[in-house]
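Structure first, commentary second.
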Number of protein chains: 4
Amino acid sequence: MNDLITVRGFVASEITSSTTPGGTGTSSFRLGSTERRFDRKNNIWVDGNTNWFTVQAFRYLAGNIGCSVKKGQRVIVVGRLKLRQWEHEGKFYHASEIVAEAVGHDLMWGSANFIRTTSGTN
Amino acid sequence: MNDLITVRGFVASEITSSTTPGGTGTSSFRLGSTERRFDRKNNIWVDGNTNWFTVQAFRYLAGNIGCSVKKGQRVIVVGRLKLRQWEHEGKFYHASEIVAEAVGHDLMWGSANFIRTTSGTN
Amino acid sequence: MNDLITVRGFVASEITSSTTPGGTGTSSFRLGSTERRFDRKNNIWVDGNTNWFTVQAFRYLAGNIGCSVKKGQRVIVVGRLKLRQWEHEGKFYHASEIVAEAVGHDLMWGSANFIRTTSGTN
Amino acid sequence: MNDLITVRGFVASEITSSTTPGGTGTSSFRLGSTERRFDRKNNIWVDGNTNWFTVQAFRYLAGNIGCSVKKGQRVIVVGRLKLRQWEHEGKFYHASEIVAEAVGHDLMWGSANFIRTTSGTN
């Protein structure tokens, strides 16, 4: 199962697109997902903690993200969570990644004009 | 938790939009999701069973689905699964519904031009 | 992704265990999952619709379910949703199945004494 | 939706149980979840990256975890992902937490004797 997760959030960076040495297209962006809690005492919804992820996509999905997704937009991301940690020159680093299986604009927040471009096969 | 599910599938009907007596906008459509299995013997992916759902959306999400989603498109649907059964005049009926929290076009299959229209709050 | 779902519910039948002609052990049981909604007007949680599933398990998981899970217990089920429909002699039938990847007792409701029995590989 | 995730993994620490100043029982433990990938070239499953989480539970669930779950056991955890980062005296820290809604032993790996102890309500 590999820690599959669905996250609804906002795109917090420009899209970075690239090609691997093997010729596979890639795209990545920062995704923020802010917790919403119902405050029963005051009877309102309030913001909680924000989870930050780096979303990585490959092939057709990467290409369509590159020409469709912009900083500030609301999206749905489905993929596998990958939490990594490493040490370099005495400092510790970590990354919270989602290797995307699917990405789409969240139609709760706007409308979208969709144009089919690929057969969608891997 | 209420049986939250994320489904990637294809829109198999036109969108039906309406307004409840209380004035809430609604949209619904049929969603098909076909299982993909890796056939190790032949080293290829093959189609399996198709799950059929009726997706129901409300308020802002309903409005944006109505003007964005078309029959035949590939979408991501996040929502709560609701399986219902009832009897009417000696016959048994059932329905497999998803009450949608979020819907978006699946960018594995195409590109989308997104325009923000709402504040997105419920 | 194939419609992966996590359901928390109650075991509504005895466990049925069997062996396929090919020698694979199987177990199955009925699972009910009742929606809980927060009624803001009365400030209480109330029961909603109940989803009914037939859970099917294979191999090691089937064997351990057979000797661990009893009717009436609360469980967590992770697996792939499979909605099937067919016609037989003019009547229509349907089934809502979950092909289980993992099953466990829900420790919200009780304690459990766990004994490792298998290597867990498929 | 708040980043709900289902993780199957192994308990990598003893259980730490405590009581908040307000009198709420809590339990926490470290959870490791190792990615399994199918290596098509060699036709075998291989281990990939391990995700590490701190699982936190409250009330009845905390109590039952405290008397049921042991280091080294295989479990299913359902809950809300919470990724936090903070700075203290010039150093950066991070935590990958899951606030658990449900925890159970993974019956793929062993059998369990379950005893109901609570009404399960929050």
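A compact table of results
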{"read-out": "Amide proton proximity set for B:Met108, modelled H, under 5 Å, gap of 5+", "value": "A:Val103"}
{"read-out": "Three-way shape label, the protein assembly as shown, alpha-carbon gyration tensor, a/c 1.5", "value": "rounded"}
{"read-out": "Sequence-distant lysines (8 or more away, or on other chains) whose Cα lies within less than 20 Å of A:Lys41", "value": "C:Lys41"}
{"read-out": "Share of pairwise Cα separations in region C:59-122, more than 17 Å, in percent", "value": "56"}
{"read-out": "Size of charge dipole - chain B - debye, nearest 20, with Cβ of Lys, Arg +1 and Asp, Glu -1, no other charges", "value": "280"}
{"read-out": "Prolate/oblate/rounded label for chain A (Cα gyration tensor, a/c 1.5)", "value": "oblate"}
{"read-out": "Hz values of 3J(HN,Hα) by residue in region D:11-27 - Karplus curve (6.51, -1.76, 1.60), Gly and Pro given as x", "value": "7, 10, 8, 5, 7, 9, 10, 7, 10, 6, x, x, x, 8, x, 9, 9"}
{"read-out": "Shielding of A:72-80 by partner chains, average beta-carbon count, 10 Å", "value": "5"}
{"read-out": "Ascending list, in nanometres, of distances separating the D:Ser13 label from those of the other copies (7 Å, Cα toward Cβ)", "value": "2.9, 4.2, 5.0"}
{"read-out": "Positive-end residue of A:Asn42, A:Thr24, A:Val75, charge dipole of chain A with Cβ unit charges", "value": "A:Asn42"}
{"read-out": "Mean projected area in nm² (Cα convex hull; one quarter of hull surface) for region B:29-71", "value": "4.0"}
{"read-out": "Region C:1-69 versus region A:49-122: alpha-carbon centroid distance in Å", "value": "32"}
{"read-out": "Helical contribution to [θ] at 222 nm, DSSP H n ≥ 4, -39,500 (n - 2.57), averaged over chain D, rounded to 500", "value": "-2000 deg cm²/dmol"}
{"read-out": "Karplus 3J(HN,Hα) series, Hz, for region D:57-66 with 6.51 cos²θ - 1.76 cosθ + 1.60 (x for Gly, Pro)", "value": "10, 9, 6, 3, 4, 4, x, 6, 4, x"}
{"read-out": "Cα convex hull of region A:1-67 - mean projected area over all directions, nm²", "value": "6.6"}
{"read-out": "Too-long pairs where the Cα-Cα distance tops 19 Å, listed order kept, from A:Lys82/D:Lys82; B:Lys71/C:Lys91; A:Lys71/D:Lys82; B:Lys91/C:Lys91", "value": "B:Lys71/C:Lys91; A:Lys71/D:Lys82"}
{"read-out": "Fluctuation leader among C:Glu14, C:Glu87, C:Glu97 - chain C, Gaussian network, Cα springs under 10 angstrom", "value": "C:Glu87"}
{"read-out": "Cross-link partners of B:Lys70 among aspartates and glutamates (Cα-Cα below 18 Å; sequence separation of 8 or more within a chain)", "value": "A:Asp106, B:Glu14, B:Asp106"}
{"read-out": "Axis-nearest residue in chain C [Cβ, rotation onto D], distance in whole Å", "value": "C:Gly104, 1"}
{"read-out": "Anisotropy class of region A:1-40 from Cα gyration tensor, a/c 1.5 cut", "value": "oblate"}
{"read-out": "Per-residue ³J(HN,Hα) for region B:87-101, Karplus 6.51 cos²θ - 1.76 cosθ + 1.60, θ = phi - 60°, Hz, x for Gly and Pro", "value": "10, 8, 6, x, 10, 9, 10, 8, 9, 10, 10, 10, 7, 6, 9"}
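Laboratory data are not the source of any read-out in this text; all were calculated from the coordinates shown. Quick caveat, the model's predicted, so the values are computed rather than measured. All Cβ positions, even for glycine, are placed from backbone atoms using ideal geometry, and neighbour counts span all protein chains on display.
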